[in-house]
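Below is one structure, written out as structure tokens; comments come after it.
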């Protein structure tokens with residue numbers, strides 16, 4: 001891995017990640033502070049199961065269900081996925097389209113090592129957001145009156161980190177193989193959205209239940225880390241997907257002509 | 001008129017017969033007749049070699065092939081005796097490259113960018129880098145996005161030279177540079193050449209390269225048109241003189257001369273395009289009262305035209 005490249009990629013991406021982290025913590029604190037006022041009322045709402053599934057299938061009336069719906073199902077993966085995908089696409093295909101990579105690749109560094117270095121920088125961004133999620137949960141749950149263990153909150157952050165790594169790795173694989181930023185962003189975001197819908201709706205149709213196994217959301221939160229803790233199988237699958245996609249990225253960029 | 005010999009500051013470099021850059025049937029096909037087709041070229045050790053051609057001629061494609069940024073469709077190339085595909089890492093270690101349309105990280109300062117590139121390369125002597133920064137008066141403390149094209153190009157030159165490479169591959173190196181910095185650059189090229197290092201530089205303007213190159217190649221539509229010394233190319237190039245007379249003079253007097261390819265009269269001024277010696281043109285002009293003779297810069301395209309006529313593609 002090229003440490004110099006990892007450092008510069010991180011320097012370029014970290015400001016946005018830190019801003020997002022602060023925003024995430026603030027939102028989770030607000031969500032937590034809101035629960036005592038609305039939790040009991042909203043918990044009595046008769047929400048259709050399809051809608052409930054889209055929001056993580058949680059019981060709004062409980063502190064765990066509240067945070068699963070508000071943070072774990074949408075806001076957390078949205079923020080971490082957006083930063084991982086846009087960052088991954090920008091640092092690889094974006095730099096290629098902007099012609100910066102034409103200079104960098106004239107230096108004595110293997111393309112594969114540059115890509116892995118950039119992936120490592122995105123990994124740090126993902127871990128930063130996951131850590132912020134954990135901190136935000138701790139603050140938010142405390143403001144909500146407590147009810148989730150710190151270990152279970154950490155479990156959600158860990159599962160979220162692996163989810164972010166997998167989506168970022170998908171963006172890097174497409175970006176490195178094609179040199180096209182918009183394609184990489186589109187494919188990774190599309191897989192994320194379709195995965196979210198599949199994970200929400202597939203369980204409602206008996207014959208299609210198996211589809212949920214194709215969704216990264218299933219491995220991220222299918223076992224409800226806020227109540228069950230870390231799901232080793234989910235982490236292993238997301239980790240393995242990340243590794244395979246990064247190998248594909250390293251191979252993909254090595255085989256083709258540089259664009260731009 | 002542009003000088004027809006190398007800049008005196010360049011001196012006589014120790015050019016060796018050993019080829020440092022060799023291409024053999026090097027081709028890159030982009031479809032629709034675009035690309036590079038069967039390029040056979042040799043650049044010798046210690047040589048400053050100019051690579052000329054209009055936009056789309058294949059210059060940048062060739063340079064990118066030499067650095068393995070793109071891969072050939074056919075043929076092969078060697079730099080420092082190494083295969084450009086198989087041994088590209090070692091080639092890139094020993095070569096300094098300035099891409100055309102240089103792009104750098106816009107939000108970072110020049111200092112951070114150079115620090116990064118020095119780390120990425122490894123083994124860069126900070127004193128060499130600092131002396132280049134001083135020489136080009138490069139701006140290091142402002143974000144790249146705030147720099148003019150010329151100031152960005154200075155950073156590009158610093159990074160290309162900072163590890164004292166054996167070979168320099170420079171794509172349009174003086175684009176955007178002011179005349180003073182151009183002079184510094186030409187002096188640096190002279191020093192590099194005198195040290196026996198090799199330079200391949202591309203341009204679409206003859207005047208940019210004629211002062212510093214030993215030989216040059218002209219490309220047109222992906223094919224090599226000619227490789228020769230600047231002096232020899234000048235010999236066959238079309239030159240132009242703008243002659244202002246005290247009274248109107250008919251252009252056909254000049255048009256009848258065998259060397260003249262075109263003569264146009266506009267009131268008291270006659271513009272004469274000719275090849276080879278200016279002797280007969282000047283003697284014909286001297287038959288009248290001449291107020292001024294102004295040379296017109298040769299256009300590279302006119303040299304191309306000459307070769308188009310001789311070597312239709």
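For labels at residue B:128 and residue B:292 in the simple 7 Å Cα→Cβ model, what's the distance in nm?
For the pair residue B:128/residue B:292, the computed spacing is 4.8 nm.
Does anyone have the angle between helix A:181-201 and the longest principal axis of chain A? Alpha-carbon axes, 0 to 90°, nearest 10?
30
Can you say what percent of the DSSP beta bridges in the protein assembly as shown, counting only those with both residues inside, are antiparallel? Round to 5.
Approximately 70 percent, going by the DSSP bridge assignments.
Rounded if a/c is under 1.5, else prolate if a/b is larger than b/c, else oblate: which is the stretch B:24-76, with a ≥ b ≥ c the root eigenvalues of its Cα gyration tensor?
Prolate, because a/c is 1.5 or more and a/b exceeds b/c.
From the helices alone, meaning DSSP H stretches of at least four residues, give me the mean residue ellipticity at 222 nm for chain A, per-run term -39500 (n - 2.57), in deg cm²/dmol to the nearest 500.
Details: 11 runs with 188 residues, N = 260.
So the calculated ellipticity at 222 nm is -24500 deg cm²/dmol.
Across peptide A:2-9, how many C-beta atoms of other chains are within 10 Å of each residue C-beta, on average?
Taking the mean over all residues of the peptide, I get 4.
What is the packing order of peptides A:250-257, A:161-168, taking the mean over residues of other C-beta atoms within 10 Å and listing the highest first? Intermediate results must be reported in sequence, preceding the final value.
Working: A:250-257: 16.5, A:161-168: 28.1.
Peptide ranking by packing, descending: A:161-168, A:250-257.
Any idea what the alpha-carbon Rg over 2.2 N^0.38 Å comes to for the stretch B:164-274?
Scaled against compact globular proteins, the figure is 1.45.
Looking only at Cα atoms, what is the convex hull volume of the protein assembly as shown per residue, in Å³? Spell out each step's value before the answer.
Details: hull volume 113.8 nm³, N = 573.
It comes to 199 Å³ per residue, whole-number rounded.
Roughly how many Å is it from the Cα centre of the stretch B:138-157 to that of the stretch B:39-71, as a whole number?
Between the Cα centres of the stretch B:138-157 and the stretch B:39-71 lies a distance of 25 Å.
Suppose only helical runs count, i.e. DSSP H with n ≥ 4. What mean residue ellipticity at 222 nm does that imply for chain B under -39500 (n - 2.57) per run, divided by all residues and rounded to the nearest 500 deg cm²/dmol?
-9000 deg cm²/dmol
Using 7 Å Cα-to-Cβ label points, what is the residue A:113/residue A:255 separation (nm, one decimal)?
Taking the two extended label points, one gets 2.3 nm.
Could you work out the relative contact order of chain A, using alpha carbon pairs under 8 angstrom and six or more residues apart, expressed as a whole percent?
So the answer I get is 27 percent.
Any chance you could list P(r) for the stretch B:154-197, counting all Cα-Cα pairs in 10 angstrom bins from zero, rounded to whole %?
Computed distribution, short to long bins: 26, 62, 12.
Modelling each spin label as a point 7 Å along the Cα-to-Cβ direction, I'd like the residue B:269/residue A:30 distance in nm, to one decimal.
Here the answer is 7.0 nm between the modelled labels.
Considering just Cα atoms, how many Å³ per residue does the convex hull of the stretch A:82-181 enclose? Don't skip to the end; give the middle numbers.
Details: hull volume 8.9 nm³, N = 100.
That works out to 89 Å³ per residue.
Mean projection of the alpha-carbon convex hull of the stretch B:133-184 over all orientations, in nm²?
3.8
How are the C-alpha pair distances of chain B spread across 10 Å bins, as whole percents from the shortest bin up?
Reading the bins upward from 0: 6, 24, 29, 22, 12, 6, 1.
Going by a ≥ b ≥ c, the root eigenvalues of the Cα gyration tensor, does the stretch B:94-208 fall in the rounded group (a/c under 1.5), the prolate group (a/b larger than b/c) or the oblate group? It would help to have the intermediate numbers written out before the result.
Numbers: a/c = 1.60, a/b = 1.16, b/c = 1.38.
Oblate.
Quick one: if the Förster radius is 60 Å, what FRET efficiency do residue B:40 and residue A:37 give, using the C-beta to C-beta distance and rounding to 0.05?
0.15
Would the stretch A:206-250 count as rounded, prolate or oblate if I go by the C-alpha gyration tensor, calling it rounded below 1.5 in a/c and otherwise prolate when a/b exceeds b/c, oblate otherwise?
Judged from the Cα gyration tensor, the stretch A:206-250 comes out oblate (a/c at least 1.5, b/c at or above a/b).
How far is helix A:232-255 tilted, in degrees, relative to the longest principal axis of the Cα atoms in chain A, given as a value from 0 to 90 rounded to the nearest 10?
20
Please express the Cα-Cα pair-distance distribution P(r) of the stretch B:238-297 as a list of whole percents, one per 10 Å bin, running from 0 to the bin with the greatest distance.
That works out to 26, 64, 10, in percent per bin.
Over the stretch A:3-255, what lengths in whole Å, largest first, do the semi-axes of the equivalent ellipsoid take, defined as the square roots of 5 times the eigenvalues of the alpha-carbon gyration tensor?
Numbers: eigenvalues 236, 80, 38 Å².
Calculated on Cα positions only, the semi-axes equal 34, 20, 14 Å.
Average partner chain C-beta neighbours within 10 Å, per residue of A:106-115?
6
Sort B:118-125, A:133-140, B:188-195 for me by packing, meaning the mean count of neighbouring Cβ atoms within 10 Å per residue, highest on top.
A:133-140, B:188-195, B:118-125
Helix B:149-161: angle to the longest alpha-carbon principal axis of chain B, degrees 0 to 90, nearest 10?
That works out to roughly 60 degrees.
From other protein chains only, count the Cβ atoms within 10 Å of every residue's Cβ in B:62-72, then give the mean.
Mean partner-chain Cβ count within 10 Å for B:62-72: 3.
Let me have the relative contact order for chain B, percent, based on Cα pairs under 8 Å that are six or more residues apart.
22
FYI, it's all coordinate maths here, none of it is from the lab. Note that the structure is a prediction, hence the values are computed from the model and not measured. Cβ coordinates were reconstructed from backbone atoms using ideal geometry, including for glycine residues, and neighbour counts include every protein chain displayed.
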